[in-house]
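Q: I'd like to ask some things about the structure below.
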Amino acid sequence: MYRHLLRFSIFFISFVLTAQQGVPFNSNKQVYLKGNSALIGNNIVSKHATKPYNENAFNDVLKLKYIDIDDNENTFSSSQASLHIQKKNLKIKYATLYWSAIYKYDEGFTKTIDIKNKKFRKIVYQGNNTRSNNVNTILLKTPNSEYKTIQGQTIYDSFTNEDAFEDIKPYVCYADVTSILQNSEQINGAYTVANIRATQGLISGGSAGGWLLYVIYEDDEATPKYFTTYNGFQDVFKDPIDIVFKNFKSPEVGEIKTSFIIGALEGDQKLKTDHCAFFNEANQTYIPLYNRFRPKLNFFNSTITINDSLFKNRLPNSKNTLGFDLLKIKIPNKNNSIISNNSNYAKVRFKTKADRFYLFFVAFETEINPIFLEAKENKTSILVVNQDTSLNDADLAKIKALKSISIPSVEKGYYLVTNVFSVEDNANKWMVFLKKNGHVPLSYVNPKNGWTYIYLKSDLDPSIVSQTRDDLLKLDYFKDIWILKINFPN
């Protein structure tokens with residue numbers, strides 16, 4: 001026991017002193033629609049090729065091998081997970097496949113070295129020095145089909161950077177598989193992902209790896225939502241990692257339902273102090289996420305969970321996925337403490353003290369104002385401009401080229417809309433606020449949806465409206481301004 005602790009301590013100290021690099025997180029996809037999402041995935045290395053692993057052990061003390069469940073001589077690794085979306089006439093809007101692993105060499109082992117003039121022996125990690133650079137080509141089998149070759153994009157491969165993650169050499173790749181699912185005869189069922197590469201045997205810190213499939217689908221009975229995916233490869237240890245989500249507008253009334261999806265490597269079950277928390281703008285504090293399988297201070301713990309349950313519909317269905325974390329969790333937004341009404345901002349923070357982990361995928365989804373969804377769906381008739389933009393000739397040309405919308409009770413012109421409300425009382429409050437700040441607000445009601453549009457300028461000349469827009473955007477309380485083209489002949 002003490003020898004293991006000493007070996008782990010030596011590894012941990014050396015890991016702390018090693019400078020790590022990666023790729024910052026960036027937005028990869030944004031989707032606005034009435035719909036929902038589904039998440040499946042599995043790990044790719046474990047103690048046994050086909051049997052589930054349910055013990056509570058560190059992955060760095062185990063000789064790991066590829067999971068390979070498909071009994072196919074053309075694959076060297078394979079694991080499976082099942083997708084079940086309870087929706088008739090299922091329409092896939094977006095589907096993305098990610099895979100990530102520790103991969104310094106194909107096979108790793110330890111060697112004991114006698115230290116001269118010392119009374120102890122040193123354990124060092126070595127490998128067979130073979131490693132493929134083709135980490136972005138894998139195989140995907142959809143339900144009741146044969147394997148398809150997936151040529152993904154490499155987001156990050158530390159093997160190409162000599163100074164980064166020297167002990168483990170992780171990588172992450174992804175592929176847009178929307179068309180594959182859209183053209184599949186059967187969407188629900190078992191998905192198998194094969195030939196993901198990782199280090200087998202022993203490696204400093206332990207091997208780990210796996211895959212995820214994130215699916216966004218349409219649902220006319222669902223509330224309007226904003227979905228966004230971020231990818232990168234970030235080492236979370238000494239300094240916290242923050243990710244900010246924008247480009248949405250939450251509903252003006254009611255409690256807002258929000259979910260969060262994460263893919264990460266190296267979250268150990270035994271090591272604690274790692275956590276994930278959302279920023280509460282009202283009181284400037286962070287609210288930690290947790291549930292019965294993910295404690296506040298051991299959030300990344302080598303499990304695959306969907307909300308408050310272990311995701312077991314996979315092969316093998318290990319409780320301990322040995323350094324691979326995958327989850328979808330509801331954000332506790334009671335009384336809209338994290339995302340408030342009419343908000344367009346959210347921030348999440350990842351932090352740890354002892355259990356170092358690596359993020360490679362994050363998705364954020366929240367209910368949005370139906371008016372905002374209309375704006376995003378109908379880009380030909382509404383132009384949304386933000387505070388950090390200024391109108392140029394190209395933007396002016398876009399405004400002139402907008403498709404005109406018909407509002408019978410409104411005069412022809414370009415309208416500078418500062419806000420839109422489905423609740424009349426909220427519209428009145430906004431107009432009172434504008435008057436107190438020296439503006440002269442006007443309004444009209446769109447008979448098609450019953451919403452009240454508050455505007456501050458209208459004119460047949462779009463350049464005059466745009467100039468007013470530039471002046472207004474200097475004020476802090478204007479977050480979004482919509483320019484609409486109304487009652488022009490198309």
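Q: What's the FRET efficiency of GLN182 with VAL23 using the Cβ-Cβ distance as r and R₀ = 45 Å, to the nearest 0.05?
A: Efficiency at R0 = 45 Å is approximately 0.95.
Q: Past 21 Å, Cα to Cα: identify those pairs from LYS34/LYS91; LYS246/LYS330; LYS65/LYS296; LYS47/LYS296; LYS296/LYS319, in the order given.
A: Correct reply: LYS65/LYS296; LYS47/LYS296.
Q: Which value at 222 nm does the chain reach when only helices count, each DSSP H run of 4 or more adding -39,500 (n - 2.57), with the total divided by all residues and rounded to the nearest 500 deg cm²/dmol?
A: -3500 deg cm²/dmol
Q: Continuing with this model, one more query. Separation between the ALA354 and SER309 pseudo-spin-labels, each 7 Å from Cα along Cα→Cβ, expressed in nm?
A: 3.3 nm
Q: Shifting gears a bit: Please calculate the 1.4 Å probe accessible area of SER463, with all protein chains present, and give it to the nearest 10 Å².
A: 50 Å²
Q: Using a 1.4 angstrom probe on heavy atoms only, work out the carbon and sulfur share of the accessible area of segment 89-166 in %.
A: Looking at segment 89-166 in its full context, I get 43 percent from C and S.
Q: How much length is gained on full extension from ILE287 to SER145, taking 0.36 nm per residue of separation minus their Cα-Cα distance? Walk me through the numbers on the way to the answer.
A: Details: separation 142, 0.36 × 142 = 51.12 nm, distance 4.38 nm.
Answer, rounded to one decimal: 46.7 nm.
Q: To the nearest 0.05, how large is the calculated FRET efficiency for ASN280 and SER443 if R₀ is 41 Å and r is the Cβ-Cβ distance?
A: Efficiency at R0 = 41 Å is approximately 0.80.
Q: If N is the number of residues in segment 37-149, what value comes out of its Cα radius of gyration divided by 2.2 N^0.38 Å? Mind dumping the intermediate values first?
A: Numbers: Rg = 19.5 Å, N = 113, 2.2 N^0.38 = 13.3 Å.
Compared with the compact-globule rule of thumb, segment 37-149 sits at 1.47.
Q: If the label point is 7 Å along Cα→Cβ of SER463, which residues in segment 398-436 have backbone nitrogen under 17 Å from it?
A: Residues passing the 17 Å test: 398-401, 414.
Q: Nothing charged except the Cβ atoms of Lys and Arg (+1) and of Asp and Glu (-1): what's the magnitude of the dipole of the chain about its Cα centre? Round to the nearest 20 debye.
A: 1300 debye
Q: Also, quick follow-up: Per residue, how much accessible area does the chain have with a 1.4 Å probe, in Å²?
A: 47 Å²
Q: May I ask you to list the lysines whose Cα is less than 18 Å away from that of LYS448, ignoring any residue fewer than eight positions away on the same chain?
A: LYS376, LYS379, LYS403, LYS412, LYS485
Q: What is the ratio of the Cα radius of gyration of the chain to 2.2 N^0.38 Å, with N the residue count, to two decimals?
A: That works out to 1.13 for the chain.
Q: Further, regarding this structure: In terms of the Cα gyration tensor, with a ≥ b ≥ c the square roots of its eigenvalues, is segment 121-275 rounded because a/c is under 1.5, prolate because a/b exceeds b/c, or oblate?
A: Oblate.
Q: Of LYS272/LYS334; LYS141/LYS225; LYS88/LYS328; LYS225/LYS334, which ones are farther than 21 Å apart at the Cα?
A: LYS272/LYS334; LYS141/LYS225; LYS88/LYS328
The values are calculated or read from the model by the stated rules, or taken from the named source; none is laboratory data. Just so you know, these numbers come straight off a predicted model, no measurement behind them. Cβ sites come from the backbone with ideal geometry, for glycine too, and all protein chains shown count toward neighbours. For the accessible areas, the whole protein counts, side chains as well, though only heavy atoms, and no ligand, DNA or RNA atoms are used. Shrake-Rupley method; radii C 1.70, N 1.55, O 1.52, S 1.80 Å.
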